[in-house]
Amino acid sequence: MNPKDPTNGHIEKLVIIGSGPAGWTAALYAARANLDPLIIPGRATGKDLMPGGQLMLTTDVENYPGYPDGITGPQMMADFAKQALRFGVRAVTDSGIKHADDIDINNALFTPYQNVESLDLSARPFLVVGDKDFQCRAHALIIATGAKANWLGLENEQRLAQSGGGVSACAVCDGALPMFRDQEMAVVGGGDSAVEEATYLTKFAQKVYMIHRRDELRASKIMAQRALDNPRIEVLWNKIVVDVLGDDMITAIQLKDTQSNELSDLPVKGLFMGIGHTPITQFLDGQLELDDAGYVKLDDPGRSTTSVEGVFAAGDVADHVYRQAITAAGMGCKAAIDAERYLADQGLDD
């Protein structure tokens, strides 16, 4: 080790970045494989990565096996964290590395964790730099930073999304909830994602409005026609959402006509974002191969291996198709197993 190395020789076998379903599942599997993994969960006050991931903004989860009565997103992620920590997973907090015994397991997601500031994948072991003077090197990395939903940025939108007031960025996650059944709902967007969200919601909704700022859908022709042919979908052209109305629950959205600037209120019981997601990969600084949408590109669709040997990816940071808690957890499992085999092949698993 270079005597000028800022890590002072601190080397980890496996570092996991991110703490959504993929991150905590990878940590659990790695801990049970005696890899003594270190997880960097993300900062609760950060704009992107947060402990628990996007499920921290989800109220009721009814489609995850093992929870027959449903569970809130934050509680489910707290359960994930508890289970991983029970097997000795260590985490990077503002005050450095903490062992499971030093973390309040019942409030694990509210511990002041660090974000990853940057990585250096050009040398081995890899350099990992946190945002509070933490640095280490790692023989293997699992990237599980997820993707953030794109929001409109309205104050009431965020308030009602975080309180479970009928605003969501995932129709598959929330559309089947009893609160939305046989109601009128709205989807913002005009691309394939918006059409997919709107089409899915028609299974439960009385009617779905698609709010699009232009006079033509951006979706592929086949997807656009699917929306236009669906009797339960009505496209409101040349409209943008300028406010979300309601105290505890959404009651309406305020629309602005992009041509006349006229304002109008549309009564709805649910509002879903269909304007895409942004993978949290900026900190990689181009060191891993990404696809055209910015997601980490896997060199084998059935595995978690990336363009850099020893770096693995799991969850929504590498999956722009499914984006479900259960698929993310499955990918976390695969990443841990792939990392275990890689370390064993390198003779680094002891």
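A compact table of results
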read-out	value
Helices (runs of 4 or more DSSP H) (entirely within the range 160-232) containing at least 1 residues that are within 30 Å of G70 (Cα to Cα)	171-174, 192-201
Subset of the range 233-267 [among the β-branched types (V, I, T) and touching a Ser or Thr at 6+ places or on another chain (Cβ under 8 Å)]	I233, I240
Checking A293 against (1) among the hydrophobic types (A, V, I, L, M, F, W, C); (2) modelled with pLDDT of 95 or more; (3) surrounded by fewer than 18 Cβ atoms within 10 Å (Cβ to Cβ), the condition it does not meet	(2)
Where a residue in the range 327-348 is outside any helix (DSSP H, G or I) and its partner, wherever it lies, is of a type outside the set (A, V, I, L, M), with Cβ under 8 Å and at least six apart	Q346/H139; Q346/G310; L348/K13; L348/H139
Only one of T145, T199 that is free of Cβ contacts under 8 Å to residues at least 40 places away in the same chain, β-branched (V, I, T) and surrounded by 18 or more Cβ atoms within 10 Å (Cβ to Cβ)	T199
Among the residues listed as I250, I275, the single one being under 26 Å from the mean Cα position of the chain (by Cα), at pLDDT below 95 and at negative phi	I275
Subset tally (residues that are part of a strand (DSSP E or B) and under 18 Å from C333 (Cα atoms)) for the range 130-149	4
Test: A186 is of a type outside the set (S, T, N, Q), at pLDDT 95 or above, in contact with a Leu (Cβ under 9 Å, 6 or more places away or on another chain) and more than 30 Å from E289 (Cβ to Cβ)	yes
Unmet requirement for Q114, which otherwise passes all of (1) closer than 30 Å to G274 by Cα; (2) touching a strand residue (DSSP E or B) at 6+ places or on another chain (Cβ under 7 Å); (3) buried (at least 21 other Cβ atoms within 10 Å of the Cβ)	(1)
Tally of residues being surrounded by fewer than 24 Cβ atoms within 10 Å (Cβ to Cβ) and either at pLDDT 95 or above or not in a loop (DSSP other than H, G, I, E, B) (or both) across the range 36-53	2
Exclusive hit being over 20 Å from V167 (Cβ atoms) and either in contact (Cβ under 8 Å) with a residue 12 or more places away in the chain or in a loop (DSSP other than H, G, I, E, B) (or both), set P68, P74	P68
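Residues checked against (1) in contact (Cβ under 8 Å) with a residue 40 or more places away in the chain; (2) in a loop (DSSP other than H, G, I, E, B); (3) hydrophobic (A, V, I, L, M, F, W, C); (4) not assigned by TED's automatic domain parsing to the domain that holds A339:
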| residue | (1), (2), (3), (4) |
| --- | --- |
| K256 | no, no, no, yes |
| Q259 | no, yes, no, yes |
| L288 | yes, yes, yes, no |
| D292 | no, yes, no, no |
| G302 | no, yes, no, no |
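The values are calculated or read from the model by the stated rules, or taken from the named source; none is laboratory data. Fair warning: this is a prediction, and the values are worked out from it, not measured in the lab. Using ideal geometry, Cβ is built from the backbone for each residue, glycine included, and neighbour counts are taken over all protein chains shown.
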